[in-house]
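The values are calculated or read from the model by the stated rules, or taken from the named source; none is laboratory data. Fair warning: this is a prediction, and the values are worked out from it, not measured in the lab. When we count neighbours, we look across all protein chains shown, and the Cβ atoms used for this are built from the backbone with ideal geometry, even at glycine. These accessible areas exclude ligands, DNA and RNA; they are computed on the full protein's heavy atoms, side chains included. Shrake-Rupley method; radii C 1.70, N 1.55, O 1.52, S 1.80 Å.
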Amino acid sequence: MSLLRTVAVLGGLAACCPASGQQITVKSESTSKAGSSFLRPPGQGDDPYAPSVDWSRIPPWRQVSFFDIRAQGKTFVYVVDCSGSMGDRERLIRAKRELRRSIGEMRFPQRFHVIFYNDVPLPMPGGLLSSADTASRDQLARWLNLISADGATDPRGAMSQALSLKPDAVFLLSDGQFPEGTVEALGQKNAAKIPVHCVDMSGNSTDLRKIAKASGGQYIARP
């Protein structure tokens, strides 16, 4: 074997074989790893940090997002904290803004309901799931102007009302710790395992993490 051919093969280059004219190619390590799950966009392949859902295949009228949590379905209830601490750092303002955006992107035949809470539930007028149409969105916008930050934090009554509507999913937002026994109480009320997707505006709520995990929902911190 000539010195030139030996160097070419050992270096992983294409080398011409004098007898057959065939080429020898060496597959680089970077090519073999191009399909690694760590290089794929979130939500695809084997990404351990995102649900394995191809959202491009879900029609718009079968999905909704709230603070970057995506959920499937046609009926959704938003349970939103309006306790006194939600007045800090514009948390309630941010929550209202995201509510308008999320519900504004819903499509027929999707339906929604909103329940604010402090130490008592404050449901949207009507008490039932509303069609995602212009009239319902206008009613929501007027009602949001009446909600202010005040009181303590107890989601149990509001969550009981939300689960009784049997939606496809519930979004639960809070910035505080709940009364002792809240996680267990909500688990008992949610025997049907309706996903409860939790938005944590404090960034350190162990209760919200537990509620999301127990129901098969998602958790996200948005302090």
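So what J values fall out for the range 100-117 if you push phi through Karplus, 6.51 cos²θ - 1.76 cosθ + 1.60 with θ = phi - 60°, rounded to Hz, Gly and Pro as x?
Residue by residue, the range 100-117 yields 4, 5, 4, 6, x, 8, 5, 10, 4, x, 5, 9, 8, 8, 10, 10, 7, 7 Hz.
How much area per residue is accessible in the range 88-176 when the probe is 1.4 Å and only protein heavy atoms are counted (Å²)?
For the range 88-176, the per-residue accessible area is 47 Å².
If you plug each phi of the range 185-191 into the Karplus form 6.51 cos²θ - 1.76 cosθ + 1.60 with θ = phi - 60°, what whole-Hz ³J(HN,Hα) values come out, in order, with x for Gly and Pro?
In residue order, the calculated couplings are 4, 5, x, 5, 6, 9, 5 Hz.
In terms of modelled amide H atoms, which long-range or inter-chain residues lie less than 5 Å from the amide H of residue 122?
So residue 122 has HN proximity to 116, 117.
Please work out how much accessible surface residue 153 shows to a 1.4 Å probe, ignoring ligands, DNA and RNA, in Å² rounded to 10.
In the full protein context, residue 153 sits at about 30 Å².
Can you run phi through the Karplus equation (6.51, -1.76, 1.60; θ = phi - 60°) for the range 145-150 and list ³J(HN,Hα) in whole Hz, with x for Gly and Pro?
In residue order, the calculated couplings are 5, 8, 8, 10, 7, 6 Hz.
Work out, step by step, the length gained on full extension between residue 93 and residue 150: first 0.36 nm times the residue separation, then minus their alpha carbon distance; give nm to one decimal.
On the way: separation 57, 0.36 × 57 = 20.52 nm, distance 1.35 nm.
Length gained, residue 93 through residue 150: 19.2 nm.
Let me spell out the model: positive unit charges on the Cβ of Lys and Arg, negative unit charges on the Cβ of Asp and Glu, origin at the Cα centre of the range 76-218. What dipole size does that give, in debye rounded to 20?
480 debye
Report, by chain and number, residues whose modeled amide H sits under 5 Å from the one on residue 219, excluding near sequence neighbours (fewer than 5 apart, same chain).
198
Decide, for the range 122-163, between rounded, prolate and oblate: order the square roots of the alpha carbon gyration tensor eigenvalues as a ≥ b ≥ c, take rounded if a/c falls under 1.5, and otherwise choose prolate if a/b is larger than b/c, else oblate.
Oblate.
Please list, in chain and number order, the residues 5+ apart from residue 63 or on another chain whose amide H is under 5 Å from its amide H, with Hs placed from the backbone.
73
Find the Cα radius of gyration of the range 93-223, compare it with 2.2 N^0.38 Å by division, and give the number to two decimals.
1.01
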